[in-house]
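Student: Dropping the structure in here first, questions after.
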Amino acid sequence: MSISNISEFTIRRHTNTKSFQRGEAYYTGGAVLNVIQRGNLLQAEVNGAEAKPYRVCLNLDNDGLASGSCTCAYDFEGWCKHIVATMLVCVRQPESIEQRPTLEKLLDCLDHIQTQHLLQELVAAHPQLIEAIDQHVSWMTTNPTPKKQPTQPRNTVNPAPFRQQVRQIIRDGLRYLEDGCEEDPISEELLSLVQTAVDFSEQGDGDNAIAILEAITSTCAENWDDVADYGADNEEIAQELDQAWCEAILTAELTQEEKIDIQVNLETWQDEWNADFAMSLEALRQGWDDPELVQVLLGNITNRGVWRGEVPDYADDLALIRLKILEGQERYQEYLYLAEAEGQTQHYLTMLGRLGKIDEAIAAAQTQMTSMEQAFTLAKTLAQQGALTEALEIAQTGLNLPGRCQYELGFWTGDLAEELGNQEAALLAIRAGFQAKPSLVDYQKIKDLAGENWESIKIDLLKVVRACEIWGLESAKVDIFLFEGLIEDAIAIVTELRSYHGELIHRVMKAAIPHNPHWVIANACRRAESIMDAGKAEYYEEAVNWLKKAQAAYLESGQKVEWLRYRAQLIEIHGRKRKLMGLLKEQDMN
């Protein structure tokens, strides 16, 4: 499988600016290890913050990268820095990728007996695999029918293994809770089972999805009292089950009798388990034959959408599930009608873009687009379709709309504008991103773009930095002020910060010693004295580090006599604190 369709701009389109910058730094620093390609699968190890390298897995297709995953905890929009670093190896050093045989070719080398021995050895080394194998064998023996052939008969999944797994999860969770475990030991594993049902629904097999969900839901309702007494909360798992039931119901072709059975069960489980399955029950009632829904899918759209009475809280969630099913069935026109009727503007505009209806998407965006998020999603879709100029236009419009992704949208737009050679648009977009979240890297990027206009732009940027009150940006603001030599501004940031920010405060003190030694002395001594006066020996080393900054400021400002006098006072007051005196002597603070 060739990776020639992947470019650096492709990478930029699928990640945010920060992740790209950090990923490029990882690539440059040689953090990417052991890049191996097996057909459509590309795997790599990337050194990071943890002792063990992170594992990156990329799935390729004819258009480039189909999907990517990483074992890091990154949970934001786009690819993480480890995926970015690996992709940069693909683009810049494709010759370094080791080609290895695919799993299919490896298995083709084995006969039936050898394959069994291989699985037995793997399970012996990794006992947890037996559960996954048990589950997959159960799935495979049902021979689920492809979604485009729903009329063929399908077997039913054996629900017994799922009931057994739920009981075991709850038993294990009970032991954790009895031992005083405060984290939720149950939900994650139950959600993994629910995902099994969702997978069947996504294949168009709602029948087997329902069989699995019945096993999970009934077993939870029957056994939850065991863990409820220890404070176990079923809200998250009940919400996910409601979503999964809704999708399964709308995917399966149910008889009236089957609908009645499911309704009775859901209502019973609601009462027994104190859960809320209102959305699933409504999906069961409406199906796809509800008169209002039918009219919408025919394009007869009113202000009420698919609802005759009061619109329920779950209306958006139900609409999104219907859209997912329509998309899976390639019923794109009905998808557009429903998205428009239910106010799902972002999905409506994005689908227009994905279908190549660029002009229609842009025209609709002019009247319907109301948030940065909608603009960002549409712009990325247009870029993926190759309509880069139109994507830039939409992204620029989005920067003037309300939303919470100004930083990400600003720098994505800036990268796109640079790719198109529009330096003016790039500068405006990156400045917009900087206003949302200042950083030194972005400050320097704007400086490079500004050219001869830098001095006037710099004044505005520094105003932004001084006015920014976003929590957690103290270090970024200090970086910028120290870069510009604005010591007093940096001092103002850290003066009242708690010693938790010690590394940052020490940086400012080091820079401030020749500029404002009196502040360094006063601030460092105050922090040291608070520790020594409290008599907490475990923090004496921190106190001595503050005193070292005070000493440096005294000496460099020609106040050696004052320092010796202050040190003598400390010894007089704290002389009996042997650990403290030992540290002072060890650090040679004479």
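The values are calculated or read from the model by the stated rules, or taken from the named source; none is laboratory data. Here the structure is a predicted model, which is why all the values come from computation and not from measurement. Glycine also receives a Cβ, built like all others from the backbone with ideal geometry; neighbour counts cover every protein chain displayed.
Student: Sort out which residues of region 196-217 are in a helix (DSSP H, G or I), of a type in the set (D, E) and touching a residue at least 60 places away in the same chain (Cβ under 8 Å), and write them in order of number.
Tutor: The answer is E202, and nothing else.
Student: Restricting to region 9-20, count the residues that are out of contact with any helix residue (DSSP H, G or I) (no Cβ under 6 Å at 6 or more places or on another chain), of a type outside the set (K, R) and not in a loop (DSSP other than H, G, I, E, B).
Tutor: Pass one, region 9-20, residues out of contact with any helix residue (DSSP H, G or I) (no Cβ under 6 Å at 6 or more places or on another chain): 10, 14, 18.
Now restrict to residues that are of a type outside the set (K, R): 10, 14.
Now drop any that are not not in a loop (DSSP other than H, G, I, E, B), which leaves 10.
Residues meeting the conditions: 1.
Student: Just name the residue that is farthest from the chain's Cα centre (by Cα) out of those in region 214-232 that are surrounded by fewer than 19 Cβ atoms within 10 Å (Cβ to Cβ) and over 14 Å from E272 (Cα atoms).
Tutor: Result: D229.
Student: If we only count helices (runs of 4 or more DSSP H) wholly inside region 218-275, which ones have 3 or more residues that are at pLDDT 95 or above and within 20 Å of S192 (Cα to Cα)?
Tutor: Working: elements: 225-228, 235-251, 256-273.
Ranges flagged: 235-251.
Student: Follow-up. Take L254 and decide whether it is of a type outside the set (S, T, N, Q), closer than 15 Å to D207 by Cβ and surrounded by 21 or more Cβ atoms within 10 Å (Cβ to Cβ). If you could, list the steps in order and put the result at the bottom.
Tutor: Working: of a type outside the set (S, T, N, Q): yes; closer than 15 Å to D207 by Cβ: yes; surrounded by 21 or more Cβ atoms within 10 Å (Cβ to Cβ): no.
No: the conditions fail for L254.
Student: Please identify the pairs in which a residue from region 380-407 that is at positive phi has its Cβ atom under 8 Å from the Cβ atom of a residue that is surrounded by fewer than 17 Cβ atoms within 10 Å (Cβ to Cβ), counting only partners at least 6 apart or on another chain.
Tutor: G403/S371
Student: Here is a further query. Being at pLDDT 90 or above and under 45 Å from the mean Cα position of the chain (by Cα) is true for just one of A553, A568. Which residue is that? First the steps, then the outcome.
Tutor: Values: A568 fails: under 45 Å from the mean Cα position of the chain (by Cα).
Sole residue among the options that is at pLDDT 90 or above and under 45 Å from the mean Cα position of the chain (by Cα): A553.
Student: Taking the stated definitions as given, is I571 of a type in the set (A, V, I, L, M) and surrounded by fewer than 16 Cβ atoms within 10 Å (Cβ to Cβ)?
Tutor: Criteria met by I571.
Student: How about region 485-547: which helices (runs of 4 or more DSSP H) wholly inside it have at least 3 residues that are buried (at least 21 other Cβ atoms within 10 Å of the Cβ), over 34 Å from the mean Cα position of the chain (by Cα) and modelled with pLDDT of 95 or more?
Tutor: On the way: elements: 487-494, 502-512, 517-534.
So the answer is 517-534.
Student: Moving to a separate point now. Name the single residue that is farthest from C405 (Cα to Cα) among those in region 435-484 being surrounded by 17 or more Cβ atoms within 10 Å (Cβ to Cβ) and of a type in the set (S, T, Y).
Tutor: Going through the qualifying residues, I end up with Y443.
Student: Among all residue pairs at least 6 apart or on different chains, which show Cβ distances below 6 Å where the first residue, located in region 304-330, is over 18 Å from D289 (Cα atoms) and of a type in the set (K, R) and the second is buried (at least 17 other Cβ atoms within 10 Å of the Cβ) and modelled with pLDDT of 95 or more?
Tutor: Correct list of pairs: empty, since none qualify.
Student: Right, another one. Given the structure, is T302 assigned to a helix (DSSP H, G or I) and hydroxyl-bearing (S, T, Y)?
Tutor: Details: assigned to a helix (DSSP H, G or I): no; hydroxyl-bearing (S, T, Y): yes.
Here the answer is no, as T302 does not meet what is asked.
Student: Can you tell me which condition L298 does not meet? The list is (1) surrounded by fewer than 20 Cβ atoms within 10 Å (Cβ to Cβ); (2) more than 27 Å from Q203 (Cα to Cα); (3) among the aliphatic types (A, V, I, L, M), and all the others hold.
Tutor: (2)
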